[in-house]
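Since the structure comes first, as structure tokens, the remarks are kept for the end.
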Amino acid sequence: MEGCLGGSCPKCSSEHLALYSDPEACGKMLEVNGPFRHCHGKVDTSSFYKHCVSDLCLHGGLQPALCHSLAEYTAVCLSLKATDYAWRSPGFSYQSCPSSTSYSMISAPVHLCLGWQNNTVLMPPNIGENCLYEAGLVHSGSLCVYL
């Protein structure tokens, strides 16, 4: 079968294969105008796609398997400085963040406020998916606090 490693998917019917290859699943990686469009020229998308379809077949289409495959692809794309666009949403593979932070995909340096010094420094990129503190907050122990 097309789309799986070794030409066949474990325990995967043609109906499931079509479902897992759909742009709402692993096919999201292949969309020409999709969230990973700038990654296509930097990463072997075909390999990630085939692993994704195989994993979904192996795990019976469970969403965590899809989210894991897309997150791995995202990490590789961002590490190669490819711009990715939001593919997570509150109803799909949502990455929850602690209070006073918000989810972000980062592929560039970040300006960090050093509150009490009233100084801003440029931090090297922490490439990947992260939870960032909201403006005006600093880290204090395990909490974010307003200045």
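Structure notes:
- Selection within region 42-66: residues that are touching a residue at least 12 places away in the same chain (Cβ under 8 Å) and not in a helix (DSSP H, G or I). The member of this set that is surrounded by the fewest Cβ atoms within 10 Å (Cβ to Cβ) is Gly60.
- Matching residues, region 67-94, being modelled with pLDDT under 75 and surrounded by 14 or more Cβ atoms within 10 Å (Cβ to Cβ): Asp84
The values are calculated or read from the model by the stated rules, or taken from the named source; none is laboratory data. A quick note: this is a predicted structure, and the numbers were derived from the prediction, not measured. As a convention, Cβ positions derive from the backbone with ideal geometry for all residues, glycine included, and neighbour counts pool all protein chains shown.
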